[in-house]
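Structure first, then comments.
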Amino acid sequence: MEDPTKNMSVEDALFYWMTKKDPWLINKKHGRFPYKYSIDPNSVEINPVGFVTKMPALSGVPCFGQPAPYLRFFYTWIYQSSSGKARPGRCRTCALNAACRKIVMARCASNDTLNELAIEYVNARKGLSYASLRNGEVKAKGYYSEKHRDQYDIAKKIERRASTYLRYELQQYRWPSVNDRKGTAETWEANRAALAAARKARQRQMRRGLVPEAYRRAVAEGAEHRELILKNYVQQPNADHRTKRLPMASLSRDVMVWKMAEELRLSRAAVTAYAIARQAGAEGTELNRTRQWVARSLGRIIRYESEILLSDGSPLWERFNPEEWIARR
């Protein structure tokens, strides 16, 4: 089949594979499904950083060896109302899936961060698939179940979060293959070298006491991300009861305080309730009252970053590192 992402940027191509309902549907027609093709996984050789150095010639399968579509669709099951049974997603029934899996697993394992995010995403996909099947089964029987619909909505939010993290991480990688007509290890290395040079330039700015604009954007984006996480979290049935009782305005304040605290850290200033209250513009008699609610927000932020844990054992909010955030973008 024709590559639907051939004229897209890396970011747009990843978004296409990880969000489009049926990425193989082009101009209302499905791309050729490779039933007749088969590749022995032993005939595929991959180096430690995920480059395919040897494999049989293959064309018309643009998704082959790509982590994004494989991790998304291999772990997908779809409820089929006509038969009352679950049917597997496209990747699971593809004749190429064994060779494809070998490449995808090697590429994910080439970096610890990528591997962790891939595992998180796979678990989220499995959870969403199970919730979707149960929800579909209930609807097929002709009645509405708020319980199963709520479980699906929660699973979908978790999956979207994991998908976003994985997509941003995958944007860093270029994996050439001997099967490609374009793309070489040299261009991939050049891209990595450019990213490293930009990182060193930002670090030099920080040593001179200048906060890079990229860091300021990272903090602003990180604040938006944390607000989304927090407001989604409090809607879950098993959310921490102290946090769940807070009004939305207080949650928004916590995010604002987090953003100001990170800006102070970047400027190497002391992070105190008083400093943040002044940064928020409080003066005179208002200053003490503002300092008090800022202090309460700082206390809750500590809980978000260390005490409130998700099902996988990770904190609700991860500690912020601007370079790690930029790398994910």
- Those residues of segment 22-67 which are more than 29 Å from the chain's Cα centre (by Cα), small (Gly, Ala, Ser) and at pLDDT 80 or above, in sequence order: 43
- Got at least one residue in segment 138-148 being surrounded by fewer than 16 Cβ atoms within 10 Å (Cβ to Cβ) and modelled with pLDDT of 80 or more? no
- Name every residue in segment 1-28 that is in a helix (DSSP H, G or I) and open to solvent by 40 Å² or more (accessible area, probe 1.4 Å), in order of residue number. 10, 11, 12, 15, 19
- Could you tell me whether residue 318 is more than 30 Å from residue 111 (Cα to Cα) and not hydrophobic (A, V, I, L, M, F, W, C)? no
- Message: Checking residue 212 against (1) within 23 Å of the chain's Cα centre (by Cα); (2) open to solvent by less than 40 Å² (accessible area, probe 1.4 Å), only one condition comes out false. Which one?
- Response: (1)
- Task: Within segment 210-219, count every residue that is out of contact with any Asp or Glu (no Cβ under 7 Å at 6 or more places or on another chain), under 21 Å from residue 172 (Cβ atoms) and assigned to a helix (DSSP H, G or I).
- Result: 5
- Qualifying positions in segment 199-209 - open to solvent by 100 Å² or more (accessible area, probe 1.4 Å) and assigned to a helix (DSSP H, G or I): 200, 204, 207
- Message: Restricting to segment 280-329, name every residue that is of a type in the set (Val, Ile, Thr) and farther than 18 Å from residue 230 by Cα.
- Response: 285, 290, 326
- Quick one: in segment 259-270, of everything that is open to solvent by 50 Å² or more (accessible area, probe 1.4 Å) and either assigned to a loop (DSSP other than H, G, I, E, B) or in contact with a strand residue (DSSP E or B) (Cβ under 8 Å, 6 or more places away or on another chain) (or both), which residue is nearest to residue 219 (Cα to Cα)? 267
- Query: Since residue 323 meets every condition but one in (1) under 30 Å from residue 174 (Cα atoms); (2) of a type in the set (Asp, Glu); (3) open to solvent by 40 Å² or more (accessible area, probe 1.4 Å), which condition does it not meet?
  - Reply: (3)
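Can residue 304 be described as open to solvent by 80 Å² or more (accessible area, probe 1.4 Å) and aromatic (Phe, Trp, Tyr)? If you could, list the steps in order and put the result at the bottom.
Numbers: open to solvent by 80 Å² or more (accessible area, probe 1.4 Å): no; aromatic (Phe, Trp, Tyr): yes.
Judged against the criteria, residue 304 is not a match.
Of the residues in segment 231-258, how many are within 30 Å of residue 203 (Cβ to Cβ), open to solvent by less than 70 Å² (accessible area, probe 1.4 Å) and within 24 Å of the chain's Cα centre (by Cα)? Break it down stepwise before answering.
First, pick out the residues of segment 231-258 that are within 30 Å of residue 203 (Cβ to Cβ): 254-258.
When the remaining residues are screened for being open to solvent by less than 70 Å² (accessible area, probe 1.4 Å), the result is 254-255, 257-258.
Checking the rest, the ones that are also within 24 Å of the chain's Cα centre (by Cα) come to 254-255, 258.
Number of matching residues: 3.
The values are calculated or read from the model by the stated rules, or taken from the named source; none is laboratory data. Computed from a prediction, not measured in an experiment: that's the story for all the values here. Ideal geometry is used to build each Cβ from the backbone, glycine not excepted, and the neighbour counts take in all protein chains shown. Protein only, heavy atoms only, side chains kept; ligands, DNA and RNA dropped before computing areas. Shrake-Rupley method; radii C 1.70, N 1.55, O 1.52, S 1.80 Å.
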